[in-house]
Amino acid sequence: MSDCLFCKIAAGEIPAIIVSRDAEFVVFRDINPQAPTHVLVIPLVHVASLNEATDRELLAGLLARARDAARELGLAERGYRVVVNTNAEAGQTVFHLHAHVLGGRGMRWPPG
Ligand code: 5GP
Ligand code: ZN
């Protein structure tokens with residue numbers, strides 16, 4: 001989608017600190033990290049939110065990629081959180097499906 005920030009990051013048109021990429025997903029550092037490690041996992045295809053995600057294989061891949069990223073970033077043993085904010089009340093601000101992977105500090109529950 002031409003005016004989507006994360007599509008532009010996926011295409012390399014807007015710079016980001018890329019952690020890894022493969023044929024389906026890009027993992028990059030969040031510009032405003034909420035934990036010592038905070039990356040975003042996005043599919044290359046444009047999907048606006050979890051509500052619009054009809055491809056179950058894509059969703060399974062997103063979760064697996066988030067898990068792999070946590071492992072690669074050294075978070076797996078200590079623990080980490082995977083978050084998919086969806087629409088207004090959850091605070092979604094970028095309408096290209098993404099999973100946050102947060103770690104490196106203790107997390108509170110319930111989340112704010
Ligand atoms: P949301 O609030 O939609 O779940 O998360 C969007 C995330 O994208 C936020 O954590 C925000 O800091 C991050 N973000 C917004 N603009 C940019 C950007 O231009 N580059 C990067 N790397 N992250 C961004
Ligand atoms: Zn997009």
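Details
- Looking across segment 9-30, the residues that are away from ligand 2 (no atom under 12 Å from the Cβ) and surrounded by fewer than 11 Cβ atoms within 10 Å (Cβ to Cβ) come down to Pro15, Ile17, Ala23.
- Among the residues of segment 82-112, the ones that are touching a Pro at 6+ places or on another chain (Cβ under 8 Å) and over 24 Å from Met1 (Cα atoms) come to 3 in all.
- Some residue of segment 36-54 being away from ligand 2 (no atom under 15 Å from the Cβ), open to solvent by 60 Å² or more (accessible area, probe 1.4 Å) and closer than 24 Å to Pro111 by Cβ: yes
- Tally, over segment 38-72, of residues that are in contact (Cβ under 8 Å) with a residue 24 or more places away in the chain, farther than 16 Å from His98 by Cβ and not charged (D, E, K, R): 0
Each row is one residue, and each column tells you yes or no for (1) of a type in the set (Asp, Glu); (2) within 22 Å of Gly112 (Cα to Cα).
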site: Asp22; (1), (2): yes, no
site: Val27; (1), (2): no, no
site: Ile31; (1), (2): no, yes
site: Gln34; (1), (2): no, yes
site: Thr37; (1), (2): no, yes
site: Pro43; (1), (2): no, no
site: His46; (1), (2): no, no
site: Ala53; (1), (2): no, no
site: Arg65; (1), (2): no, no
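- One residue from Ala23, Ala35 being of a type in the set (A, V, I, L, M), within 14 Å of ligand 1 (Cβ to nearest atom), in a loop (DSSP other than H, G, I, E, B) and touching a residue at least 12 places away in the same chain (Cβ under 8 Å): Ala35
- Unmet requirement for Val83, which otherwise passes all of (1) free of Cβ contacts under 8 Å to residues at least 60 places away in the same chain; (2) within 14 Å of ligand 1 (Cβ to nearest atom); (3) loosely packed, with under 14 Cβ neighbours inside 10 Å; (4) not small (Gly, Ala, Ser): (3)
- Among the candidates Gly104, Gly74, Gly61, Gly112, residue that is more than 13 Å from the chain's Cα centre (by Cα) and open to solvent by less than 50 Å² (accessible area, probe 1.4 Å): Gly104
Per-residue answers, yes or no, for (1) of a type in the set (A, V, I, L, M); (2) on the phi > 0 side of the Ramachandran plot; (3) touching a helix residue (DSSP H, G or I) at 6+ places or on another chain (Cβ under 7 Å):
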position: Gly12; (1), (2), (3): no, yes, no
position: Pro15; (1), (2), (3): no, no, no
position: Val27; (1), (2), (3): yes, no, yes
position: Gln34; (1), (2), (3): no, no, no
position: Val41; (1), (2), (3): yes, no, yes
position: Leu50; (1), (2), (3): yes, no, no
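The values are calculated or read from the model by the stated rules, or taken from the named source; none is laboratory data. The model shown is predicted, which means the values in this text are computed figures rather than measured ones. As a convention, Cβ positions derive from the backbone with ideal geometry for all residues, glycine included, and neighbour counts pool all protein chains shown. For the accessible areas, the whole protein counts, side chains as well, though only heavy atoms, and no ligand, DNA or RNA atoms are used. Shrake-Rupley method; radii C 1.70, N 1.55, O 1.52, S 1.80 Å.
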